[in-house]
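Below is one structure, written out as C-alpha cells; comments come after it.
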C-alpha cells in the first residue's frame with residue numbers, strides 16, 4: 001500500500017481509459033459544482049435542503065436499478081452474462097455512476113422550484 005501514489009493512480013487510469021479519463025474527471029467536477037450550486041440556491045432562498053437531497057438520492061438509486069441490465073453492453077460483456085446475485089450486485093455498483101449523474105441533475109433542476117405550501 002505504501003507504493004500506491006496519486007501519480008500511479010493517474011497513470012493507471014490513463015493507460016486503461018485514455019481520454020475517457022479526462023472526460024470522467026470533467027463530468028465529476030461538473031456534477032460536484034451542480035450539487036453545491038443546488039444546495040447553495042436552496043439555502044439562499046431559505047428553503048429546505050434535506051428533502052431535496054434525499055429525493056435525489058432515491059432518484060439516483062432508482063435510475064441505477066433501471067440502468068443495471070444495460071451494464072454488460074458498455075462493459076463489452078455478452079448481454080446475457082447477468083446470472084447470479086453477485087453479477088447483479090456488481091452491475092448495480094457499476095450503474096451507480098450514471099445513476100448518480102441522474103440524481104445530481106434531478107437535484108439541480110428541482111432546486112429551481114419552490115416547496116409546496118403546507
key: Restricting region 26-50 to residues that are assigned to a helix (DSSP H, G or I), without any contact (Cβ under 8 Å) to a residue 60 or more places away in the chain and more than 12 Å from the chain's Cα centre (by Cα), the residue that is nearest to residue 83 (Cα to Cα)   = 26
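Applying the selection to region 64-90, what residues are more than 20 Å from the chain's Cα centre (by Cα) and in a loop (DSSP other than H, G, I, E, B)? Working first, answer last.
Taking region 64-90 first, the residues more than 20 Å from the chain's Cα centre (by Cα) are 76-86.
Across region 64-90, the qualifying residues are 76, 77, 78, 82, 83, 84.
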query = Where residues in region 1-21 are surrounded by fewer than 10 Cβ atoms within 10 Å (Cβ to Cβ) and at pLDDT below 85, which of them is nearest to the chain's Cα centre (by Cα)?
reply = 16
ask   = Any residue at all in region 91-112 that is part of a helix (DSSP H, G or I), loosely packed, with under 10 Cβ neighbours inside 10 Å and either out of contact with any helix residue (DSSP H, G or I) (no Cβ under 7 Å at 6 or more places or on another chain) or in contact (Cβ under 8 Å) with a residue 40 or more places away in the chain (or both)?
value = no
query = Failed condition for residue 59, given (1) touching a helix residue (DSSP H, G or I) at 6+ places or on another chain (Cβ under 6 Å); (2) within 25 Å of residue 17 (Cβ to Cβ), with all others met?
reply = (2)
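So that you can scan it fast, the table gives a plain yes or no per residue for (1) farther than 15 Å from residue 91 by Cβ; (2) buried (at least 16 other Cβ atoms within 10 Å of the Cβ):
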residue	(1), (2)
36	yes, no
40	yes, no
48	yes, no
56	yes, yes
68	no, yes
77	no, no
81	no, no
request  = Return the pairs, sorted by first residue and then second, in which the second residue is loosely packed, with under 15 Cβ neighbours inside 10 Å and at pLDDT 80 or above, the first residue lies in region 68-90 and is on the phi > 0 side of the Ramachandran plot, the beta carbons are less than 6 Å apart, and the residues are 6+ apart or on different chains.
outcome  = none
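The values are calculated or read from the model by the stated rules, or taken from the named source; none is laboratory data. Fair warning: this is a prediction, and the values are worked out from it, not measured in the lab. All Cβ positions, even for glycine, are placed from backbone atoms using ideal geometry, and neighbour counts span all protein chains on display.
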